[in-house]
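What follows is a set of notes on a single structure, which appears directly below.
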Amino acid sequence: MKLNELAGQSGVSTTTLKHWIRVGIMPAGRLRNRTTAVYEQRHVDRARLIVVLRDSFGASTAAIRSLTDLIDSDGVSTLDVMNACQAFALGTADGVASDPDYEVYRERTHELMRRRDWRGYPGAAEQGLAHALAQASAVGLDYDVDELMAYADALEPLANQNVAALRPDGSPDEVARRMLLAINARARQLVAVSSLAHAAAAIRSAIDRGVAPADLAKPPPASGVPAT
């Protein structure tokens with residue numbers, strides 16, 4: 001396909017595509033003659049991946065290139081790509097794997113993994129959890145392993161479904177794009193459910209203390225069911 005066809009299929013302007021080629025995050029097309037290059041499906045997949053990185057994660061060109069360089073490396077596996085996407089999405093601080101200040105949180109993470117026979121060491125998700133536990137502790141939410149096990153009980157069945165739905169096939173760029181979209185959507189969903197649970201707990205506490213009416217903030221009745 002020509003550049004304008006690539007633009008049409010990817011939804012990215014030809015000017016932007018040329019810029020991405022110039023800065024090295026999009027491979028150049030194959031020259032058909034001195035003035036014309038042709039492009040393939042891999043260019044469409046790369047453009048769609050870059051759009052997700054740019055629009056959903058606000059990634060810089062340098063950050064995008066760190067991921068695309070890995071994808072373009074010889075011998076990279078699907079698991080390598082998925083781990084890199086987790087690292088990208090989590091934005092874990094440098095040094096979590098070795099900083100002594102994170103030791104207690106690393107051990108909690110490793111104990112959770114041992115209890116559940118979860119694999120992924122060393123990896124972005126493992127280091128991301130240690131980092132998240134440290135951040136939570138800093139604001140007074142110091143989760144122990146038993147509490148983490150309760151979260152894991154709820155999340156593990158969902159994880160199995162999510163991996164099946166992700167379909168780890170296709171080009172590395174397409175696998176990365178689907179993974180990043182899934183991480184973003186899943187994070188928003190979990191934060192929203194957690195926020196709803198916390199709002200409900202606060203309202204219930206106010207009702208129990210007698211400082212709010214008993215029917216405060218009830219959801220609307222199911223469709224076709226009269227309100228009581």
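Only the coordinates and a few stated rules stand behind these numbers; no lab work does. All of these numbers come straight from a predicted model, not from anything done at the bench. All Cβ positions, glycine included, derive from the backbone under ideal geometry; neighbour counts span all protein chains shown.
Numbers at a glance
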quantity	calculated
Amide H contacts of A37 (H built 1.01 Å from N, under 5 Å, at least 5 apart or other chain)	R32
Compactness index (Cα Rg / 2.2 N^0.38 Å), the chain	1.32
Diffusion constant of segment 54-147 at 4 °C, which comes from Stokes-Einstein with the Kirkwood Cα-pair radius and 1.567 mPa s, µm²/s	89
Sorted by Cβ neighbour density within 10 Å, fewest at the top, the residues K218, K2	K218, K2
Charge dipole (the chain, unit charges on Cβ, about Cα centre) - positive-most of Q161, A138, S205	Q161
Cβ charges +1 (Lys, Arg) and -1 (Asp, Glu), total dipole of the chain, debye	1300
Hull-based mean projected area of segment 1-72, where the convex hull spans the alpha carbons, in square nanometres	4.5
Translational D in µm²/s for segment 96-185 (Stokes-Einstein at 20 °C, 1.002 mPa s, Kirkwood Rh from C-alpha pairs)	147
³J(HN,Hα), Karplus 6.51/-1.76/1.60, whole Hz, each residue of segment 183-194, x for Gly, Pro	4, 5, 5, 5, 4, 5, 5, 5, 5, 5, 5, 4
Where labels lie 7 Å past Cα in the beta-carbon direction, separation of A199 and A132 in nm	2.1
Cleavage-rule hits, trypsin sites (Lys or Arg not before Pro), segment 16-60, DSSP coil, Cβ neighbours within 10 Å at most 12	R32, R34
Of A206, A197, A134, the one that fluctuates the most in a GNM where the chain has Cα springs shorter than 10 Å	A206
HN-Hα J in Hz across segment 37-52 - Karplus 6.51, -1.76, 1.60, θ = phi - 60°, x for Gly and Pro	10, 10, 10, 10, 4, 4, 6, 4, 4, 5, 4, 5, 5, 4, 4, 5
Residue-averaged 222 nm ellipticity for the chain, from DSSP H runs of 4+ at -39500 (n - 2.57), nearest 500	-21500 deg cm²/dmol
Dipole magnitude (debye, nearest 20) for segment 21-65, charges at Cβ of Lys, Arg, Asp, Glu	220
Trypsin sites (Lys or Arg not before Pro) restricted to segment 93-198 and DSSP loop, no more than 11 other C-beta within 10 Å	R119
